[in-house]
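Working notes, structure below.
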Amino acid sequence: MNLYAVRAIYTCEMARTWRTLMQSIVAPVISTSLYFIVFGSAIGSRMPIVGGVSYGAFIVPGLIMLSLLTQSISNAAFGIYFPKFAGTIYELLSAPVSTMEIVVSYVGAAATKSIVLGVIILATAAFFVPLRVEHPAWMLGFLLLTAATFSLIGFIIGIWADGFEKLQVVPLLIVTPLTFLGGSFYSIKMLPPFWRTVALFNPVVYLISGFRWSFYGSADVGVGISLGVTLGFLLASVVIVTWIFETGYRLKA
């Protein structure tokens, strides 16, 4: 692997984050803090214990996952779209850099940004609610795996999009609603039987459930199933990215 090329692309992408610090880090943290204030404090004080913990603590994994999914997709999508928009993607494709090195660089940078944001949100949550992490290794594993998987999905969206508006279609109209309906603010066990069954068709349920299990040891679905679904997303994304570079889809046109 050409580590010099990987480091160059990765460093360039990370530098863009520090130039847009307000948009990349500060704004998502403030938005999530407002969720803690509104749902954790105002509404949580009127809610009973959920899953053996206070409502404010219960929603922390869901809020972290909400930010992680949306930011991973957005960071990776914008990261690869701008070279396409500026025309510099052709210089990258003609350089002695392999497909794997390109993907590792862009996806690694996007995942790093999302993980840093997730850790900051986790630290911020400690100021609002009492937290505990029963399985820190699993929590870190789910964090890394989810960030990498959805950064790959964002990479695919960035290649597919042929306009700025398309970059926001999937995060805003698909991922965010699925996350809100995936148990971010409630346990699907609280739903009526019919809607509980419907919720199981939402893939985000498994991501949030597995991540919440790493915090409190309780989950809506088995942790093994959650891990399997996440790995399935990762495998499918790798296959699509490989096909894109083999065919030149939306890259060489």
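Observations, loosely collected:
- Ala253 being crowded, with 17+ Cβ neighbours inside 10 Å, farther than 19 Å from Glu101 by Cβ and modelled with pLDDT under 90: no
- Failed condition for Ser67, given (1) surrounded by 24 or more Cβ atoms within 10 Å (Cβ to Cβ); (2) under 19 Å from Val170 (Cβ atoms): (1)
- Which listed residue is more than 18 Å from Leu207 (Cα to Cα), aliphatic (A, V, I, L, M) and modelled with pLDDT of 85 or more, from Ala76, Ala57: Ala76
- Of all residues in the range 154-176 being of a type in the set (D, E, K, R) and within 20 Å of Val107 (Cα to Cα), the one that is farthest from the chain's Cα centre (by Cα): Asp162
- Check on Tyr10, in a helix (DSSP H, G or I), within 28 Å of Gly141 (Cβ to Cβ) and modelled with pLDDT of 80 or more: yes
- Breaking point among (1) in a helix (DSSP H, G or I); (2) out of contact with any Leu (no Cβ under 9 Å at 6 or more places or on another chain), for Ser226: (2)
- Within the range 170-213, tally of residues that are surrounded by fewer than 21 Cβ atoms within 10 Å (Cβ to Cβ), free of Cβ contacts under 8 Å to residues at least 60 places away in the same chain and among the aromatic types (Phe, Trp, Tyr): 3
- Selection count, the range 201-221, where residues are of a type in the set (Phe, Trp, Tyr) and over 19 Å from Val175 (Cβ atoms): 3
The values are calculated or read from the model by the stated rules, or taken from the named source; none is laboratory data. Only a predicted model underlies this, so the values are computations on that prediction, with no experimental measurement involved. With ideal geometry, Cβ positions are generated from the backbone for all residues, glycine too; neighbour counts draw on all protein chains shown.
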